[in-house]
Structures are given as structure tokens and as C-alpha cells.
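For reference, the structure discussed in these notes is given below.
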Amino acid sequence: MEKIQPVKGTHDFYGLNAEKMRFVTDVFTSVSELYGYEEMVVPVLEHTELFSRGTGESTDIVRKEMYTFDDKGGRSLSLRPEFTASVVRSILSNKLYATQDLPLKYYYSGPLFRYERPQLGRYREFHQFGVEAIGEDSPLLDSEVILTLVQSLNYLGFKDLVVKINCLGDKESRDNYRKALKAYFEPHLSEMCEDCHARFEINPLRILDCKVPEDQAIVKGAPHLKDYLTEKSQERFKKTLQYLDDNGIKYIIDDNLVRGLDYYSEIVFEVSMSGDLSKYGALAGGGHYASLVSDLGGPDMGGVGFACGLERVVSVLDELHLLDDIQETSDFYLIPVGEIDDRETLLLATLLRSEGYQVNYSYKTQKVGAAFKKAVRKNAKFAVIYGEDELARGVVKVKNLRTEEQVEVSLTPEEDFFATLEKMMEEEHEHEHHHNN
Ligand code: HAM
């Protein structure tokens, strides 16, 4: 029979790769908890309108990349292409904003779907970890979001991070700038691509993102946003940068950074690697959004957040050998010798597992030599060996597979058996610890 292929641009994660994804997510989770974020889990499916209104009608994501379909009840649904709109929707659906304890601070992780051309670092199903802080407008919070991101990446071992920052300004700044852009692009429009015509109508800022070479030449001469920022926005931007300086975050101010989503205002940022590792694209991006909550029918409150691409983070960490310590290990591998009843083996496994040890053994009879080889392949720390003679005397042999040292340990009393194992395990951990440092 013909094999069923995986969907293009999707990936299976298993074994070590699954462990690496989980490890990275765990680091982001712990750091976000240091900053006072709580977890939010939102559905993969939403009404399409959430993304067209929230993420933005003029974005490539909504125009070209969404997995949209009608369900059996005729509703237009989409697989989420990003989290921010969903988090805001949840805050509105559950009236979480009706509290004195603003800002609301949530972190999230999970799969997202964008119909993009699959290539290095770009998939159709990918995973993000991110945070959103909603309901308090403060440059302190803006800078903290960047600190959360950079501290997480630093914990993971990243060093040469390139943090790019730009200020898109408040509504007034952007209205003025949009007018200036329209005035500039209008006489050039006939020479520009189809997409840019649409962008011109919906959001001329998007034209700055155009990848068509002829259009890029025109974009070069366009007016600069920084010349249209209101004093208030400039002041706020200055403060954010000051906080980042105070906390030792190195960044580059990049006038060209506009980001591919419509909801941004004030600060936006992106983090990538320098040199060859920049080939994976941005590791993370984010920014402030002033009107997303009200655009989705909620009160007038702003928010700020980031999202980090987990596949990209794992790929870069792998290239830098920063995940080499992640190995599939286990504590014990059981090796019955001679005619031992299976029941004895399962009982011993249950005993060790009830004490919290990871245990493997073979489900069919195997030769002792083959069993030792399998124990080593399973990265077991110890082999537990027992024959009829040992079981009759109420003992097992425990062999350290690294040092090859073997000792006989009495199974009774149970406390002593466990205490002996714990001591052996601790010595092994200490060795590992020394070895890794
Ligand atoms: P974004 O820039 O679209 O922002 O995505 C954030 C990160 O997700 C990217 O920097 C990249 O690492 C990863 N990513 C995006 N698309 C793909 C893909 N096709 N394959 C692999 N990785 C990808 C957002 O999604 C905003 N919601 C971020 C945000 C949160 N802004 C405010 N709060």
C-alpha cells in the first residue's frame, strides 16, 4: 500500500528533538514566571474574522498565508497564524480586563500555521513561545518584555544576539507619516507591483516591506518615519531605550524595521543572530499595540508582547552545540540471567519505578551480552543483574555501566535497598556534574 506523506512544511518531533523543544519551552516558561507571567492556553481554531480584524487585512499573513475553511456549520474558521489576536480575544471573551490588577500578563506556547514557501527556518506548521502584557501603557513594561526575551535567550546560551528596535509612534505620528507616504508613492504607483497597489489603499506602511527589486528602489527615497514622530512618542521611546541601557541590553535602532503585522504602534523589535546564523531569519519579534484590544471590541487599552520561533531557536542552539548535554538517559536496565520468571522482572521494575527511577528491560528473552549492549545503547546508568541464585538470597547485583564497578545489594529491608541505590545515583550525578563543568 502507498505510504501517506506528511503535509508539506510540517514536522514530526520525537526523541531528542522533542526533548530539545521541551527544554527550550521550559527555559522560556521559567524566565517568564520570574517576570510575573501566568500561562494561557488558547484554541488552535478561531473565527477567521479575528485575524482579519486583529492581525490585519493588509498583512501577508492574512492575505495569503492563512489556513481558512468553512466548517460543517458553514462558519469560516482559520488555524491560528499567530497568538496575539487569540490572547486578546480570550481576554475579551472572559472579561479578564475587568480587574484592578492590570496589566494582565500571560505567556503561551504551541503550534501555528502559515501557508508559506517552506525553506530553512520557515515552515507551514511551527511553534512559538510568547508573552503578552495588556492593560498598562508604560515604557517600563515595553522594556521588560524585551528583557524577558533576552534573558531567556541568554539562559539558553545565546551570546551574539542582534536586537533591532524601532519606534512606529502613536496614532498621530503614524497618521502624519501615512499621509506623507501616500503623497510620496502616489506618482510612482503605476510602476509598482500589484501587491503595493493594495497596500497603498489599506496600509501604505506595508509598501516599505515590499521585496520586489524595482519597488525597493522607489522605497529607498521614501520619507522616514522618525521625522514624523510626535514628541510624546519620542519621549516614550527614549525612556524604553534608557531602561534597556540600564539593564545592559545592547540594541541597534533600525529605521527600516516595521514588522509584518498591522497592530503595532510605538516600539517594535526583532532579535536575530549575526553572521552565518542569520540564515534562519529572526528568532523572535514583537512590539507594542495600542488599539488591538479596542479594534476587537474591547476597552481602550494597549498591550505589548513578543513571540519567539522555537524551531529556529533549536536549530541555532544545535549549530552552536549548546544542546549537546540533552541526552536520552535512564537509570536502570534490568538483566535477568537464566530461567527467571517474567513476573520477577516486572515486580522489580515496578518497585524501582514506584521510587521514581526510570527503568527499562527487554520484553523478550535475550542473551546477557546482548542485554548489556542494549543497556549501554539506552544510556542506562546502572544494570541490575539477577539470577535464580541471587533472587533466592534476596539480593541483586548492581553494575555501574560507566566505571564497570559491580556490587551486590540486598533487596531487604526496602529502605536500605533504596538508600543504597540513592547513594549510588548521587555519586553518579556528582560525577556528571563535574564532567559537564
Ligand atoms: P512574527 O514576527 O510573525 O510575530 O513571528 C515571531 C517569530 O515566529 C519569528 O521571529 C520566527 O522566529 C517565528 N516564525 C514566524 N513564521 C515562521 C515560520 N513560517 N516558520 C518558522 N518560524 C516562524 C508574531 O507572531 C507576533 N504575534 C509577535 C508578537 C507578540 N507581537 C506582539 N506580541
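A short reminder: the numbers here are calculations on the coordinates, not readings from a lab. Note that the coordinates shown come from a computational prediction; the quantities given were computed from them, not determined experimentally. Here Cβ is always computed from backbone atoms with ideal geometry, including for glycine, and neighbour counts include all displayed protein chains.
For the chain, the Cβ-based charge dipole about the Cα centre amounts to some 1320 debye (Lys, Arg positive; Asp, Glu negative; other atoms uncharged). When the listed pairs K64/K238; K8/K220; K374/K423 are checked against a 31 Å cut-off, the alpha-carbon distance exceeds it for K64/K238; K8/K220.
Ordered by the count of other Cβ atoms within 10 Å of each Cβ, fewest first, E46, E339 give E339, E46.
Rounded to the nearest 20 debye, the dipole size of the stretch 196-308 about its Cα centre is 140 debye, using +1 on the Cβ of Lys and Arg and -1 on the Cβ of Asp and Glu. With a Förster radius of 25 Å applied to the beta-carbon distance between H11 and V41, the computed FRET efficiency rounds to 0.70.
Comparing I253, I385, I326 in a Gaussian network model of the chain where C-alpha atoms under 10 Å apart are linked, the largest mean-square fluctuation is found at I385. Evaluate the Debye formula for the stretch 348-402 with equal point scatterers sitting on the alpha carbons, no solvent, and hand back log10 of I(q)/I(0) at q = 0.16, 0.24, 0.26 Å⁻¹, in q order, two decimals. Once normalised to I(0) and log-transformed, intensities are -0.52, -1.16, -1.29. Answer with one residue from L347, S233, Q358: the one whose Cα lies farthest towards the positive end of the charge dipole of the chain, charges on Cβ with Lys, Arg +1 and Asp, Glu -1. It is S233.
Within the stretch 118-163, the percentage of alpha carbon pairs spaced more than 16 angstrom apart rounds to 57%. Note on the stretch 361-437 and the stretch 86-153: Cα centroid distance 46 Å, given to the nearest whole angstrom. To test your reading of the geometry: what angle, between 0 and 90 degrees and rounded to tens, separates the Cα axis of helix 342-354 from the longest principal axis of the chain? Approximately 50 degrees, to the nearest ten. For the stretch 293-392, chymotrypsin sites (Phe, Trp or Tyr not before Pro) meeting the loop criterion (DSSP other than H, G, I, E, B) and having at most 10 other Cβ atoms within 10 Å: Y363. The angle separating the long axis of helix 15-34 from the principal Cα axis of greatest extent in the chain is about 60 degrees. Considering only S294, N256, G36, and ranking their Cα positions along the charge dipole of the chain that arises from unit charges at the beta-carbon of Lys, Arg, Asp and Glu, the one farthest toward the positive end is N256. Under 5 Å between amide hydrogens, built in the peptide plane, is the criterion, and for L168 it picks out E266, I267, V268 among residues at least 5 positions away or on other chains.
Helix 310-319 axis versus longest C-alpha principal axis of the chain: approximately 60°, rounded to the nearest ten.
Return the loop-located trypsin sites (Lys or Arg not before Pro) in the stretch 224-324 (DSSP other than H, G, I, E, B) with at most 11 other Cβ atoms within 10 Å of their own Cβ; answer none if there are none.
Qualifying residues, ordered by number: K250.
In vacuo Debye scattering of the stretch 25-70, one point per C-alpha: log10 I(q)/I(0) at q = 0.19, 0.20, 0.31 Å⁻¹? Taking Cα atoms of the stretch 25-70 as identical point scatterers yields -0.73, -0.75, -1.09. Each Cα pair under 8 Å and six or more residues apart adds its sequence gap; the mean of these over the residue count of the stretch 1-148 is a relative contact order of 26 percent.
Each of L181, G9, Y333 was scored by the projection of its Cα onto the charge dipole of the chain, and the greatest displacement toward the positive side belongs to L181; charges sit on the C-beta of Lys, Arg, Asp and Glu.
When 1/r is averaged over all different Cα pairs and the result inverted, which Kirkwood radius in Å belongs to the chain?
Hydrodynamic radius (Kirkwood, Cα pairs) of the chain is 25.4 Å.
Per the Kirkwood formula applied to alpha carbons, the stretch 146-202 shows a radius of gyration over Rh ratio, Rg over Rh, of 1.25. Once the mean of 1/r is taken over each pair of separate Cα atoms and inverted, the stretch 197-293 shows a Kirkwood hydrodynamic radius of 15.5 Å. Both radii are taken from the alpha-carbon atoms of the stretch 287-437; with Rh as the Kirkwood radius, Rg/Rh is 1.27. The spread of Cα positions in the stretch 216-348, taken along each principal axis and listed from longest to shortest, comes to 85, 42, 34 Å. Across the stretch 266-312 the C-alpha pair distances fall into 10 Å bins from zero in the proportions 25, 37, 23, 12, 2 percent. Computing Rg and the Kirkwood Rh from the Cα coordinates of the stretch 133-274 gives a ratio, Rg/Rh, of 1.01. Comparing G74, G298, G121 in a Gaussian network model of the chain, where Cα atoms under 10 Å apart are tied by springs, the biggest mean-square fluctuation is seen for G74. Each semi-axis of the equivalent ellipsoid for the stretch 1-115 is √(5λ) with λ an eigenvalue of the Cα gyration tensor; in descending order they amount to 27, 24, 12 Å.
Placing +1 on the Cβ of every Lys and Arg and -1 on the Cβ of every Asp and Glu, with no other charges, gives the stretch 1-155 a dipole of roughly 660 debye about its Cα centre. Under 5 Å between amide hydrogens, built in the peptide plane, is the criterion, and for E46 it picks out S78, R80 among residues at least 5 positions away or on other chains. Across the stretch 221-228, rounded Karplus estimates of 3J(HN,Hα) from the backbone phi angles (6.51 cos²θ - 1.76 cosθ + 1.60, θ = phi - 60°) give x, 5, x, 9, 4, 4, 7, 10 Hz, Gly and Pro being marked x. GNM on the chain, alpha-carbon springs under 10 angstrom: the most fluctuating residue among D295, D276, D142 is D276. At q = 0.15, 0.18, 0.20 Å⁻¹, what is the base-10 log of I(q)/I(0) for the stretch 46-200 according to the Debye formula with one equal point scatterer per Cα and no solvent? Please give it to two decimals. Summing over Cα pairs of the stretch 46-200 leads to -1.17, -1.40, -1.41.
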